[in-house]
Structures are given as structure tokens and as C-alpha cells.
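Take a look at the structure set out below.
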Amino acid sequence: MSDLQRLSPLLLPAAQRADRFDPDTGRPDARGLDRIGLETALRNHVLPLEPAGAITPVAVPNHKTFRRLEPHLRARLGAVACRIVDRQVIEGQLLNMRQAHLARRAEQRTPDRESCRTWSPSRLAVRGFAIALVAVGLCVFWPAFLLWTLFGWAALTLISVTGLRAMAALAQLYAAYRDGRAWRSVRARPAGPPVHLPRMSLLVPLYKERDIAARLVQRLNALEYPRDKLEVALILEWSDLTTQTALRAAELPDWMRIIRVPEGHLRTKPRAMNYALDFLSGDVVGIYDAEDAPARNQLLRVAEAFEHAPRNVACIQGALDFYNASKNALTRCFTIDYAVWFRLILPGFDRLGFVLPLGGTTVFFRRTALEDLGRWDAHNVTEDADLGIRLARRGYRCKFLTTVTEEEATDHVTAWLRQRSRWIKGYAMTWAVHMRDPLRLLGELGWMRFLGVQVLFLGTLSQFLFAPLLWSFWLIVLGLPHPLTPVAPWSAIVGLAILFFVCEFITLLTAAMAVAQPKHRWLIKWVPLMHFYYPLAAVASWKGFGELLFRPFYWDKTDHGKDPTSGPVFPAQSAP
């Protein structure tokens with residue numbers, strides 16, 4: 001006989017019939033909620049009511065949930081009785097009691113030492129002013145030293161960044177050649193579902209998505225995964241009436257739900273995800289963006305990858321591609337840029353054992369690892385790259401999986417600059433936060449991965465900032481005098497120029513190799529246009545660095561869905 005059957009006969013009818021919650025006959029018990037834990041209550045839709053003598057009634061959505069949680073509830077509340085209440089009613093009561101707390105906690109999940117919420121623009125301004133004073137002094141009293149220092153650093157970071165990317169690309173190309181898959185698309189392996197399918201929660205942050213919402217629901221509905229083990233959260237800001245109106249016209253299945261995030265000091269994607277995750281119960285947590293069109297079998301492949309991976313593999317990163325690559329010159333270059341990153345660089349980093357700077361979508365985590373880290377840094381505008389470093393610091397590994405999600409490439413230069421400036425700003429903040437204690441970072445990552453982080457973050461940022469110095473070598477091609485001419489021998493200037501042009505050639509060659517496969521082979525003739533595409537990142541960096549002083553936590557949103565007819569509703573089951 002169960003403990004429930006041994007309860008007082010007066011309470012048995014309430015435990016056996018589907019009573020709706022009535023605040024007049026049983027009010028929520030805040031102390032009982034604290035005893036069982038708010039997270040347990042939210043994920044399972046459980047609400048302790050005020051005790052009736054020695055018995056604590058507990059509101060649950062069904063008897064199955066009560067039986068599963070009964071040992072946990074009895075351990076914390078004593079004798080309990082089951083009350084069947086609509087799950088939305090339970091959730092509403094929980095939010096009435098704890099919504100403000102949940103909103104505050106969503107902003108402060110990450111430990112202080114790993115978060116950029118303590119970022120001080122005034123302190124940065126003082127340091128920047130001091131550096132500027134030193135630069136002015138050198139320019140007046142020792143200009144030759146200043147020029148050599150700037151050009152030397154630009155050349156060093158150019159060699160480092162180009163070398164690291166080339167090494168990663170070669171590692172991936174060699175692996176493809178070794179596996180007999182060189183110079184062609186990597187197709188998803190035909191395989192049945194894994195033996196164990198974990199419960200999977202998908203987070204889809206949305207903001208002012210008037211044109212993409214209905215198509216998004218269709219794409220998510222096309223995913224192949226058992227519906228009883230899948231839950232999708234469409235995350236909306238509380239004041240976002242635009243997306244709420246758009247979703248009202250779409251019929252949501254019962255495994256999709258809308259979560260509205262209360263207003264707070266921030267309005268960022270990581271804050272919204274931190275808040276929404278409290279309401280979900282999946283063992284694996286995935287992220288998609290509003291415009292994403294994932295391969296139908298993607299979730300099955302992710303589940304398979306986690307099943308066969310060691311337990312310290314906490315994250316699976318998929319590949320991104322664009323479905324509107326042919327729209328204009330910018331989208332073609334953007335597609336080449338993504339091909340380099342997701343077909344060569346990230347897989348190469350994985351093979352070489354470097355830290356993976358994660359992407360913000362088509363990325364999947366073990367729930368336990370996310371909770372161990374304190375989830376996402378709500379103040380970081382590139383929370384994905386930051387999380388990749390934090391996972392590595394805790395001893396977790398991230399793996400790259402050749403499954404593709406297609407996105408909509410930004411097709412206007414202004415929007416592209418806003419998006420890229422946010423990424424660069426986030427990269428700068430991420431590097432600064434993790435370099436607060438360089439020796440600790442070195443001890444946690446080891447020499448190879450530590451140097452990889454320095455090259456990838458500091459080196460890349462330096463390349464953006466000092467790009468005009470490197471562009472100056474085109475003056476030699478045009479027959480014009482170079483700024484180093486008064487202070488350096490001609491042989492040194494020519495040597496630096498050759499270095500610059502060799503690195504340019506390697507960069508373009510890498511881009512050509514990234515698109516040398518059937519789907520994107522038509523883009524090879526557009527690779528020379530990257531000469532004009534890459535300088536845009538330098539322009540974006542100046543905007544990003546400026547926002548570090550004036551708007552460090554501002555999320556410059558990228559608009560999508562301007563052409564709602566573009567892109568597949570049901571993408572192919574292909575890999576990059």
C-alpha cells in the first residue's frame with residue numbers, strides 16, 4: 001500500500017479526482033515551495049498548498065507526475081496528497097509568487113569572476129586615455145619606435161591568425177582526404193535512431209519577428225524526433241507585441257509553448273534563455289534562431305552524437321549555411337565567410353583540440369554541464385563564444401557535428417555592420433573577462449589552448465583594429481610612398497609587404513577550398529571579392545570598440561524575414 005493510500009480518508013477523494021485549483025479552499029504555500037525547490041516546481045509543474053493538518057496537498061498536472069515525484073515530496077514536505085490542477089494554472093501561481101526573483105536571477109546566473117556584468121566603461125576610458133597619451137608622446141618624441149611597434153604588432157598578429165586558421169583548415173582537409181571525403185559534400189550517415197533518446201528542450205529566442213514566425217513553426221514541426229521527448233520554447237520579451245501577434249496566427253502543437261520574459265535591466269538573448277530554461281525539463285538543451293531551417297534529422301544525429309561521446313563532451317556544435325546566398329554580392333561573400341568558418345576552421349579546431357568559440361545557434365548542451373557553469377552570461381553579447389571558453393575551463397569538451405542549419409544571410413551593409421560590431425564587441429569583452437587572471441586561465445586550459453585563445457581573440461581583434469596599417473602596403477603596388485619609408489630600410493618594407501600579400505593569398509586560398517564542393521562551387525569565382533568584404537569587419541570593429549565605452553551591454557538586433565518567401569520550409573538532410 002502506498003503512502004497516498006494510507007492518507008486520511010477525508011483527503012482520498014481529493015487525491016483521486018481531477019479537482020481544479022481553487023484559491024479559496026487551498027492557497028499556495030511559499031514555505032513548501034522553498035522546501036521542494038523552485039526549479040523542481042517549475043520543471044514539473046508542482047505547487048505545494050497550505051497544509052491541512054499533518055497532510056500537505058500538492059497541486060500537480062496528473063497522477064503520473066505525482067507518483068514520480070512522491071518520494072522527493074515526502075522527503076521535504078512529509079505526508080502529501082495529490083491535487084490534479086491544470087498545468088497552466090499551476091505555472092501562473094508559481095509566477096505570481098516568484099516571477100520577480102526569476103527575472104533577477106536570469107541576469108546573475110554566471111559567477112562574478114566569469115561574467116562581464118562588472119564591466120566598467122569608466123575604467124576602460126581611463127586606460128584608453130593613458131594609452132593615447134603614451135602614443136601621442138611617442139609620436140612627438142620617438143615616432144620611429146611607434147611606427148615599428150604598430151607595424152610589428154600588426155605583422156605578428158597577421159602571421160598568428162593566418163597561421164592558426166591555415167593549420168585548422170589543413171587539419172580538416174587532411175581528415176576529409178583520409179576519410180575519402182575530400183572535395184565533396186559530407187553527407188549525413190544513414191542511421192537509425194540511437195538506443196536512448198534523451199528528452200530535448202529547444203530554446204528559440206524571438207524579438208520583433210513579424211515576418212518569420214509562421215515559417216519558423218513549420219520548420220520546427222518538420223524536425224524528426226519523438227514528440228513526447230521534445231519541447232520547444234518560443235521566447236518572447238514581455239513587451240514584444242509584434243511577435244506575439246505573429247504567433248497568434250500560427251497553430252502551435254502542444255509540445256511548443258510561448259514563454260514571455262519580464263522586463264529587466266537588460267534585454268539580451270542570454271538573459272531570455274536563462275529565464276526560459278527554468279520552465280523546461282530536457283536533458284539536452286538546443287538553441288535555434290528565428291530564421292533557422294535545420295535539417296530534419298538533426299536532433300536524431302545530435303542525440304546519437306551525445307550517446308556515443310564521453311561524458312565530458314558537454315556540447316555539440318552544428319554547421320551553419322545560408323539559403324539566400326545568391327541574393328547579392330554581400331550575401332555571396334557572407335556565405336563564403338561562413339563556409340570557411342563552419343566547414344574548415346571550427347572542425348579543424350575540434351580535431352586539433354583547441355577551444356571552440358561556439359555559435360549562437362545549432363548548438364546543443366548537456367543540461368547538467370550548463371547548470372554547472374551557471375548557464376549563459378546575460379551581459380555578454382556573444383554569450384556563445386564566452387560559453388565555449390567557460391566549458392573548456394571546467395574540463396568539458398565541445399565537439400563539432402556535420403549537420404547543417406540554413407539561415408538567412410544579412411543582405412544590407414548597414415545591418416551587416418551592426419551584426420558584426422556586436423560580435424566584435426562581445427569578443428573583446430570575453431577576452432578581457434577571461435584575462436582577469438591570466439595565470440589561472442593558463443592553468444585551466446594548458447599552454448596550447450591558452451595560446452589558441454590569445455591568437456583567436458586578441459589576434460583577431462588586433463587585426464580588425466590595425467587593418468589600415470596592413471592595407472598601406474597596397475600603396476607600394478600603386479607606386480606610392482609607404483609611411484615606413486622615412487624610418488625603415490626599403491628591404492624591410494618590401495619584406496613586410498611580401499608577408500602581407502602571402503597572408504592575403506593564404507586567406508583567399510582557404511576561402512576557395514571551403515567552397516570547393518558541389519553546393520557552393522559556383523561561389524569560387526566570387527572569392528576575389530573577399531578583398532573588399534574583409535575590410536568591412538574593420539569598420540564594424542570601430543563601432544564595436546566605441547560601444548565598449550558607451551553601450552557595452554546593448555544588443556544590436558539583426559532583422560530577418562524581409563523576404564518571407566526565401567528559404568526552404570523543409571531543409572534537406574545534408575551536412576556541410
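The values are calculated or read from the model by the stated rules, or taken from the named source; none is laboratory data. Given the structure is predicted, the values throughout are model-derived calculations rather than measurements. Cβ atoms come from the backbone with ideal geometry, glycine included; neighbour counts cover every protein chain shown. Side chains included, ligands, DNA and RNA excluded: accessible areas come from the protein's heavy atoms. Shrake-Rupley method; radii C 1.70, N 1.55, O 1.52, S 1.80 Å.
The table below gives the values:
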| item | result |
| --- | --- |
| Residue list for the stretch 171-199, restricted to those being modelled with pLDDT of 60 or more and not in a helix (DSSP H, G or I) | ASP179, GLY180, PRO194, VAL195, HIS196, LEU197, PRO198, ARG199 |
| Enumeration of residues in the stretch 82-106 that are surrounded by 22 or more Cβ atoms within 10 Å (Cβ to Cβ) and outside any helix (DSSP H, G or I) | CYS82, ARG83, VAL85 |
| Per-region count, the stretch 307-328, residues in a helix (DSSP H, G or I) and modelled with pLDDT of 95 or more | 0 |
| Where a residue in the stretch 454-471 is in contact (Cβ under 8 Å) with a residue 24 or more places away in the chain and within 11 Å of LEU156 (Cα to Cα) and its partner, wherever it lies, is of a type in the set (Ser, Thr, Tyr) and part of a helix (DSSP H, G or I), with Cβ under 6 Å and at least six apart | VAL455/SER160; GLY459/THR157; GLY459/SER160; SER462/THR157; GLN463/THR157 |
| Breaking point among (1) in contact (Cβ under 8 Å) with a residue 40 or more places away in the chain; (2) more than 30 Å from GLY128 (Cα to Cα); (3) crowded, with 16+ Cβ neighbours inside 10 Å, for ALA537 | (2) |
| Matching residues in the stretch 246-263 - criterion: being assigned to a strand (DSSP E or B) and at pLDDT below 90 | none |
| Condition check for MET429: surrounded by 21 or more Cβ atoms within 10 Å (Cβ to Cβ) and either part of a helix (DSSP H, G or I) or among the β-branched types (Val, Ile, Thr) (or both) | yes |
| Residues of the stretch 342-378 classified as open to solvent by 20 Å² or more (accessible area, probe 1.4 Å) and in a loop (DSSP other than H, G, I, E, B), total | 2 |
| Residue satisfying all of: in the stretch 414-454; out of contact with any helix residue (DSSP H, G or I) (no Cβ under 6 Å at 6 or more places or on another chain) and of a type in the set (Val, Ile, Thr); farthest from ALA309 (Cα to Cα) among these | THR414 |
| Selection from the stretch 489-523 of residues that are outside any helix (DSSP H, G or I) and either closer than 20 Å to ALA467 by Cβ or under 38 Å from the mean Cα position of the chain (by Cα) (or both) | VAL515, ALA516, GLN517 |
| Test: THR361 is hydroxyl-bearing (Ser, Thr, Tyr) and under 29 Å from LEU102 (Cβ atoms) | yes |
| Candidates ILE506, ILE493, ILE498 - the one that is open to solvent by 60 Å² or more (accessible area, probe 1.4 Å) and either within 25 Å of MET435 (Cβ to Cβ) or of a type outside the set (S, T, N, Q) (or both) | ILE498 |
| Any hit, the stretch 159-170, residues being basic (Lys, Arg), assigned to a helix (DSSP H, G or I) and surrounded by 15 or more Cβ atoms within 10 Å (Cβ to Cβ) | yes |
| Residue count for the stretch 509-534, restricted to those that are among the aromatic types (Phe, Trp, Tyr) and either touching a helix residue (DSSP H, G or I) at 6+ places or on another chain (Cβ under 6 Å) or buried (at least 17 other Cβ atoms within 10 Å of the Cβ) (or both) | 3 |
| Subset tally (residues that are among the hydroxyl-bearing types (Ser, Thr, Tyr) and open to solvent by 30 Å² or more (accessible area, probe 1.4 Å)) for the stretch 462-474 | 0 |
| Residue in the stretch 246-302 that is most open to solvent (accessible area, probe 1.4 Å), counting only those that are more than 21 Å from the chain's Cα centre (by Cα) and acidic (Asp, Glu) | GLU251 |
| Candidates GLY443, GLY479, GLY459 - the one that is more than 21 Å from LEU330 (Cα to Cα), open to solvent by less than 10 Å² (accessible area, probe 1.4 Å) and either small (Gly, Ala, Ser) or modelled with pLDDT of 95 or more (or both) | GLY459 |
| Candidate set from the stretch 222-245 (those that are hydroxyl-bearing (Ser, Thr, Tyr) and assigned to a loop (DSSP other than H, G, I, E, B)); member that is most open to solvent (accessible area, probe 1.4 Å) | SER239 |
| Residue in the stretch 114-137 that is in contact (Cβ under 8 Å) with a residue 40 or more places away in the chain, open to solvent by 60 Å² or more (accessible area, probe 1.4 Å) and assigned to a helix (DSSP H, G or I) present | no |
| Boolean, LEU299 is over 22 Å from GLU231 (Cα atoms) and out of contact with any Pro (no Cβ under 8 Å at 6 or more places or on another chain) | no |
| Meets criteria (more than 23 Å from the chain's Cα centre (by Cα) and charged (D, E, K, R)) for GLU547 | no |
| Residue match in the stretch 41-54 (condition: in contact with an Asp or Glu (Cβ under 8 Å, 6 or more places away or on another chain), more than 21 Å from LEU102 (Cβ to Cβ) and in a loop (DSSP other than H, G, I, E, B)) | yes |
